[in-house]
Amino acid sequence: MDSKDQGSKDKQLESQISEHQQHLKLNSSELSDLWANYLGDSMFSCIFEHFLEVVKDEEIKDVLLFNQKLSKRHLKTISELFVKEGIPVPAGFGSSDVFKGAPRLFDDTFMLFYVQQMAIGAFGQYTRALSSSIRQDIMDFYRQGVQELNEVYERSTHLLLEKGTIMKPPNIPIQSMWSSLIKSRLIIFLPVKIVR
């Protein structure tokens, strides 16, 4: 089958999925996941608003701006979906929840670390939400969200590494561990083949 035929079949399948799902209402897990994401993104948006007001490092500021943009886009997408479905849009958090001119509470490194940890936490939420969704538009939203989180995580991790401030997990001293296991004869209990 050539790529033209495959492309035609893919479009036909997309059309069938769209037609089948156009009358599907949000199920309980989709609704609760979107609701929770809306509240989370509205909170993150407020946090980023404060961080952007006080951040000094330009590289960290770029990462914060990127995340602020993602949060606002998610809020817009979820709001539009709720309106279309006739579901009330959550109040969430907003600019009135941010005290303008508040003093700096954290240094720039903490802000970057916060972004990285936020991405780590969101991976679980987004993949769980994706796996419990049946509507294609909701699956697409969470699939895109996971891809965005990959970028957030990589950008923040690389910048933390660059700045020498990342908390690295400890290394395992493999050679000395194997040597002591062999010397103490504990190795006979391990189902491993040692190749020298």
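Derivation of every value follows stated rules applied to the coordinates shown; laboratory data play no part. As the structure is a computational prediction, the values presented were derived from the model and not from experiment. Cβ sites come from the backbone with ideal geometry, for glycine too, and all protein chains shown count toward neighbours.
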Residues L112, L161, L70 arranged by fewest to most Cβ contacts within 10 Å: L161, L70, L112
Residues H50, H23, H158, H74 arranged by fewest to most Cβ contacts within 10 Å: H23, H158, H50, H74
Per-residue ³J(HN,Hα) for the range 134-145, Karplus 6.51 cos²θ - 1.76 cosθ + 1.60, θ = phi - 60°, Hz, x for Gly and Pro: 10, 7, 4, 5, 6, 4, 4, 4, 6, 4, 5, x
Hey, what do the phi angles of the range 51-58 turn into as Karplus ³J(HN,Hα) couplings, whole Hz, using 6.51/-1.76/1.60 and θ = phi - 60°, x for Gly and Pro? 4, 5, 6, 10, 5, 10, 6, 5
Of all chymotrypsin sites (Phe, Trp or Tyr not before Pro) in the range 55-159, the ones in DSSP coil with at most 11 other Cβ atoms within 10 Å are F99
